[in-house]
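Q: What follows is a structure written as structure tokens; I'll ask about it next.
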Amino acid sequence: MFCKLLNNLKYLLLIIFLSNSSGAQEIFSDVVNEIDKKGKALVIVEFTTENKANSNFSNTQSSESFLNNKANIKIKQNELRKSLSEQGILIKKTYSNLPYFVTTIDKLGFEKLLLRNDIKSISLNKTFKQNQIVKKKIITKKVEKIKTGQLNNFSRPLLDETVSFINADKLWDQGFTGAGQVIVVLDDGIDTNHDMFKTNIIDEACFSDTFDETDESLCPNGLESQTGTGAASNCIPGTEVCEHGSHVAGIAAGNDTTGDVKRKGVAFEAQLLPIQVFTTFNNTEDCGGAESCQLSYTSSQLSALNYTLDRTQDLNIASVNMSLGGGLFESFCDENSRKWAIDELRKKGVVTAIAAGNEGEVGLISSPACISTSMTVSSVITTEPHQSVNHAEMVDVLAPGVQVVSAITNNAYAAFTGTSMATPHVAGAIALLKSAKQNASIDDIEIALKQTGINKTLENWSWETPLIDLDAALRSLGATKSITGRIISYLSPASDTTAKSLLRFHNRDSSQGVLTLKVMDDGNGSLIGAYEKNISAGTTVEISINEIERDLVLDELFQEKSGSTLSMFASSSFRGYAQHIRWDPSDGSFANLTTCDNGVSDNLDNMIAVHTSKLPRFPSYIVAHNTGESDNNPIFIAEDARNGEELGRFTLGDTIKPNTSRTIFVSDLLEFFDVQAESDQFYMNLKVTSAFTGFIQHIVDNQDAGLITNMTLKCDL
């Protein structure tokens, strides 16, 4: 009955590939313009592999899968290196975990790449700078009072004050300090001799590409890469190299315990992994008229993110800080080559915090902060938005970023201002919360920071953005990871009715967890037994009442006590969702009987166990409602419910008008993603990733029974 709503889903859905994105044309023209101008272009090329598409948020990746992906990428790299060299295209650089390579192409080479079926995107290897900051130098290292000029009538220079603004000190009082977590800082290096970093540098790395003959590597060995002690601490005297990176690292996790004035970063007992990603450019064109400057190639940042992915195998990395950027974007830039790495890190439970930029723009932010799966950060003056930095609805959170005193080179301190200073407050906050709630997923932490923050706005904003509050975020994560309550009530055993109870449980954590069902006899209130099941991260399981009865040997009990009913209480070592679905094959009906002790979940951005049945009697569809005041369009991620692997991403071809709805038929998605269902019932999980002002519903049309069932209702676990 609903098929008339859409004539052809293929023309209304837009898969999120580079070739169809609004940003693709801009990147394509950049390459063409560069070739027209210089006769050649240094580009980053994405190629296809056998890997599944990237995933994010609660998805995880096993070590075996990680190594398999690495092997598949290597095989394809070797194949490309050989075939492209035969076409006169030489690969200059590859990445062990990322399906990208760097090459220089002329017009003919560009055309050859475009004709290949295994090439997905081509973009310029751009250069980026540190986000411009306002500096207020402090000459002496140890002073009781620091005089700074008034800025917008506020002057809050001490790092200890900014961490108290976000209530980090309240977590310190409870014994949570970031211990056991690692924060990666991609910047211009770090002064490892500074008192702020005497105890918490776990390792160092440098990736400093030199594609132009005038480029100079900032790696101490003079090469394009270096790892190990000293790799990120080439602090060249007479320059500002290491100044910005030291300041950022000090905010995130510095810990100066010497002298009379003690200074602590947000997660002061976390460990730091600084990575130098800048190169010295010696030409006036790139340096805006100056003879020399420090800039960062995209390819160097990809190397650093690729290295970080490898280090997730042996380090407990909580967050990555990127206080750098360039350009201005009014919408998400998910065609950006760094997104793949950021998504892969999210699979590993690592959040990438990126500065929004300091151009004073409203509605625009810099790249790579415009990547939707990063955590984009802008700045406040103490507790109010800072108007000289970039703000947009795409910004996830706010943090202090004005006159923040932290480490610089030569064991000194300085007060700097900018989103570069706000971002490490968030990178540190993630590590701090991870140390307090070690089993919390990155979804848990990011949602907690957003939902418990204090919403801020300005007259020229049409939105609100939360200023993070770590104390409130920790409280929202709960005192325990095991959440117990009556989430389902079973009416009668399977032998008494043709209808069957199907219990669905979704684990949205980043690690496997245990579900426990306590089965109670409603007749006398006695505990019959406990049913347990392991549920992998990012997956949904469906358990029938028959399976529970068999496991607890309940058949004889029900034969003796006809009419007995059961109640079930669920507890889990993971966070996620639960549903109770009644299926009656006699009349072809579904019913959502979900009830929860604290009310149904208010999260309408996640749909679990969405069936993609090709049976014509039970069409399933998603309805997206726009409750905002402007046109909007949700971006969906579709995942295989069995293993959490991403099937693809999609959105509507046209935006949704305010106070209106659009419908997406789920049965078409399998064909859309080119997935072959192994059975008539193939389940996926759907979630919205964009800042969609509205909510979604999952509806099933029980055509034989003449029923429409709302499958959206679920309980929080």
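Q: Of Lys129/Lys347; Lys657/Lys714; Lys170/Lys518; Lys170/Lys456, which ones are farther than 31 Å apart at the Cα?
A: Values: Lys129/Lys347 28 Å; Lys657/Lys714 27 Å; Lys170/Lys518 37 Å; Lys170/Lys456 22 Å.
From the list (Lys129/Lys347; Lys657/Lys714; Lys170/Lys518; Lys170/Lys456), the Cα-Cα distance tops 31 Å for Lys170/Lys518.
Q: How do 383-394, 367-378, 299-310, 118-129 rank on mean C-beta neighbours within 10 Å, highest first?
A: Values: 383-394: 21.6, 367-378: 26.5, 299-310: 24.3, 118-129: 19.7.
Descending packing order for the listed peptides: 367-378, 299-310, 383-394, 118-129.
Q: Among Lys40/Lys120; Lys93/Lys687; Lys70/Lys533, which pairs are too far apart, with a Cα-Cα distance over 24 Å?
A: On the way: Lys40/Lys120 20 Å; Lys93/Lys687 35 Å; Lys70/Lys533 31 Å.
In this structure, Lys93/Lys687; Lys70/Lys533 lie more than 24 Å apart at Cα.
Q: Also: Beta carbons within 10 angstrom, averaged per residue: use that to sort the peptides 206-213, 171-178, 419-426, highest first.
A: Working: 206-213: 21.6, 171-178: 18.2, 419-426: 31.6.
Ranking the peptides 206-213, 171-178, 419-426 by packing returns 419-426, 206-213, 171-178.
Q: Another one. How would you order 335-343, 90-98, 445-453 from highest to lowest mean count of nearby Cβ atoms within 10 Å?
A: Numbers: 335-343: 24.2, 90-98: 18.1, 445-453: 20.8.
Per-residue Cβ counts within 10 Å, averaged per peptide and sorted highest first, yield 335-343, 445-453, 90-98.
Q: For Asn702, what charge total do you get from the other residues with a beta carbon under 13 Å from its beta carbon, if Lys and Arg give +1 and Asp and Glu give -1?
A: On the way: positive: Arg582, Arg617; negative: Asp584, Asp587, Asp701, Asp704.
My count for the surroundings of Asn702 gives -2.
Q: For the stretch 129-477, just say rounded, prolate or oblate: build the C-alpha gyration tensor, square-root its eigenvalues into a ≥ b ≥ c, call rounded for a/c under 1.5, and beyond that prolate if a/b exceeds b/c, oblate if not. Let's see the in-between values first.
A: Numbers: a/c = 1.22, a/b = 1.17, b/c = 1.04.
Verdict is rounded for the stretch 129-477.
Rule-based calculations on the coordinates, nothing more; no lab input. Bear in mind that the values here come from a model prediction, so they are computed numbers and not experimental data. In this analysis, Cβ positions are derived from the backbone assuming ideal geometry, glycine residues included, and neighbour counts consider all displayed protein chains.
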